[in-house]
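First the structure, in the form of structure tokens, and then the observations on it.
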Amino acid sequence: MDKSKWTPGPWILDGRSIRAGRKTQMAVPRVLATVYAHDALGEADACLIAAAPQLAEALRDLESAMGGCSCSRTHAALLAAARAALATAEGKR
């Protein structure tokens, strides 16, 4: 079940704009964000933003797969980092 409160992915990078990949209630895909920095860092930021739904899904899958295991300290730390990132994305931090 998708617990996210954001626009469902995929998000598509269209130049410097990030658009909803699926049509919403509007006929044209919704612009979610625009990155105005016209340099390599701005391009990298736009790519990261566009990947956000996919990254969140991967972290949820990781949490599901590792949540009940008795892990090493390293794995436990990675799982804690994944949970913290998801909490931030979900507005809980």
In a Gaussian network model of the chain with springs linking alpha carbons closer than 10 Å, the residue among D61, D39, D14 that fluctuates most is D39
Convex hull around the C-alpha positions of the stretch 51-93: the volume in Å³ per residue is 63
To the nearest 10 degrees, the tilt of helix 40-50 (Cα long axis) against the first principal axis of the alpha carbons of the chain is 70
Calculated from DSSP helices alone, with each H run of at least 4 adding -39500 (n - 2.57) and the total divided by the residues of the chain, [θ]222 nm to the nearest 500 comes to -15000 deg cm²/dmol
Given [x] 79; [y] 53; [z] 62 as possible values of percent of Cα pairs over 16 Å apart, the one from the coordinates is [z]
The answer for L32, listing residues at least 5 apart or on another chain whose modeled amide H is closer than 5 Å to its amide H, is I18, R19, A20
Relative contact order of the chain (C-alpha contacts under 8 Å, at least 6 apart) in percent is 22
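Coordinate-derived values only; no laboratory data. Computed from a predicted model, the values in this text were never measured in an experiment.
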